[in-house]
1. Quick check on region 27-43. Is at least one of its residues over 14 Å from the mean Cα position of the chain (by Cα) and under 13 Å from Ala68 (Cα atoms)?
2. Which of the residues that make up region 61-84 are open to solvent by 60 Å² or more (accessible area, probe 1.4 Å) and either in contact with a Cys (Cβ under 8 Å, 6 or more places away or on another chain) or basic (Lys, Arg) (or both)?
3. With (1) open to solvent by less than 30 Å² (accessible area, probe 1.4 Å); (2) touching a residue at least 40 places away in the same chain (Cβ under 8 Å); (3) over 21 Å from Glu90 (Cβ atoms) as the list, and Gln36 as the residue in question, which single condition is left unmet?
Amino acid sequence: MEFEITRDMRNEVLNRRELAFTLTFDGPTPSRKSIQEKLAAMLNKNESLLVLDSLKTRFGKMEVTGHARIYDDEESKKSTERGYLLKRGEPKAESEE
């Protein structure tokens with residue numbers, strides 16, 4: 001996986017960094033979790049403060065374009081981020097059998 005950050009903007013009002021990126025990959029499309037882990041590691045940020053907004057793939061191309069936000073703290077993240085995006089980034093609970 002190779003990341004290319006196409007836009008990096010600081011939003012002081014909402015205490016976050018807003019990123020637009022292009023990811024090229026080989027094989028199957030990477031999961032949201034693996035993209036989130038790799039992006040957080042690349043930017044030396046805490047993975048729990050990173051929220052992936054949108055990911056778009058095009059048919060026949062091995063690339064994903066997306067938008068992410070990196071918050072300064074957990075309180076800023078919870079107060080401004082939409083609930084369904086917060087749930088999307090959480091690991092799934094294992095079902096009891």
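The values are calculated or read from the model by the stated rules, or taken from the named source; none is laboratory data. In this text the structure is predicted, and so the values were computed from the model without any measurement. Note: ideal-geometry Cβ built from the backbone for every residue, glycine included; neighbour counts use all protein chains shown. These area figures cover heavy atoms from the full protein model, side chains too; ligands, DNA and RNA do not enter into them. Shrake-Rupley method; radii C 1.70, N 1.55, O 1.52, S 1.80 Å.
1. The answer is no, given that none of the residues of region 27-43 is over 14 Å from the mean Cα position of the chain (by Cα) and under 13 Å from Ala68 (Cα atoms).
2. Matches in region 61-84: Lys61, Lys78, Arg82.
3. Condition not satisfied by Gln36: (3).
Conditions tested, residue by residue: (1) β-branched (Val, Ile, Thr); (2) part of a strand (DSSP E or B).
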| residue | (1), (2) |
| --- | --- |
| Thr6 | yes, yes |
| Arg10 | no, yes |
| Ser48 | no, no |
| Ile70 | yes, yes |
